[in-house]
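Q: Below is one structure. I have some questions about it.
Readers should treat all values here as calculations from the given coordinates under stated rules, not as data from a laboratory. Keep in mind that what you see is a predicted model, and the values were worked out from it rather than measured. Every residue, glycine among them, receives a Cβ derived from its backbone with ideal geometry; neighbour counts consider all protein chains shown.
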Amino acid sequence: TQSTEAVVSTQSTGTSIHEAMEQQTISISKAGIVASLQARCAIIAAANPIGGRYDPSLTFAENVDLTEPILSRFDVLCVVRDTVDPVNDERMARFVTGSHMKHHPANNRGEADNAEGEDTKNHINQDLLKKYIMYARTKVKPKLHYVDQDKVAALYAELRRESMATGSIPITVRHIESMIRMAEAHAKLHLREYVREDDINIAIRSMLESFIDTQKYSVMKNMTATFSKYLSYKKDNNELLLFILKQLAKDQMVYSRSRYGGAAGVSTVEVSAEELEDKARQINIHNLQPFYESDLFIANKFIHDKKKKNIILTL
């Protein structure tokens, strides 16, 4: 299977993708030659939102001006939003500048690694990763051995109901096929001969995250609560806790700026550890010590002060 990248921008381009995804063929009529070519490949399509910025008050289809039959043929829809986050923005800037310094011919290897500021000791070598992917793609053919049909049927019915109620992307039988394909891909990634229940659960979670991410902002929170039992499967709590902590730090930063006038002189932000723990208990997370000791917590410039019972963010 090969991957093709296309930029969806016009009606004709959308029609061409529709044929490739539905019939797995591409028709060519040029210079008196009429042919139909095989198009059995994965399709990655990128579409810019109307007006250049994604509007969360509109549906996904209204933002990208694509027809629902085309959208329903994609297994996963990802919305990339340009949100203002001081911590992530700084990390992105450091990564970009460090990457340029790393690949500059005037720099030696040691200086380049220090300039980028990333810990590479746990990174997988790209050559090894390519070999692993090629082996999994060509040698592993997992079989669908067992599927919890009652769970899939209940999820499908619930998704259909939510889709009709919110006026979002219609849920069809293709989404069940998408779940099966993603479950097989997850099993293949782990070099397994059979698709297990956890592969199905991961596929369900991925499809739900994609579906909820394309909703209007007004219904996104309610749908997240409705499908929380599926979304929480094998999810890294550290990522979730970091998100909550960043929100608390952001609220505290806004309060400090409004109280003291501007950002001048504000070098640190303090968040109450008890407030974070209260919010964590609401999502059934009771032990935060592994989060405080994690590399993710430290990499985002947070420090846990046990004596004062607060969390300090250095800006």
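Q: For the ranges 39-52, 194-207, 300-313, what's the packing order if you count other beta-carbon atoms within 10 Å of each residue, average per peptide, and put the highest first?
A: Averaged packing, sorted descending, gives the order 194-207, 300-313, 39-52.
Q: The range 38-92: which chymotrypsin sites (Phe, Trp or Tyr not before Pro) are DSSP loop and have at most 14 other beta-carbon atoms within 10 angstrom?
A: Values: sites: TYR54, PHE60, PHE74; in loops: TYR54, PHE74.
Sparse-neighbourhood loop chymotrypsin sites (Phe, Trp or Tyr not before Pro): none present.
Q: Which whole-number percent is the relative contact order of the chain (Cα, under 8 Å, 6+ apart)?
A: 14 percent
Q: Right, something else. What label, among (i) 22, 46, 29, 4, 0; (ii) 25, 50, 25, 0; (iii) 22, 54, 22, 1, 0, belongs to P(r) over Cα pairs in 20 Å bins from 0, in percent computed from the structure on display?
A: (iii)
Q: With viscosity set to 1.002 mPa s at 20 °C, what whole-number translational diffusion coefficient in µm²/s follows for the range 173-242 from Stokes-Einstein and a Kirkwood radius over Cα pairs? Don't skip to the answer; put the middle values down first.
A: Working: Rh = 13.1 Å.
Value of D from the Cα-based Kirkwood radius: 164 µm²/s.
Q: What shape does the range 132-265 take by its C-alpha gyration tensor, where a ≥ b ≥ c are the square roots of the eigenvalues and a/c under 1.5 counts as rounded, a/b above b/c as prolate, and the rest as oblate?
A: Numbers: a/c = 3.09, a/b = 1.70, b/c = 1.82.
Cα axes put the range 132-265 in the oblate bin.
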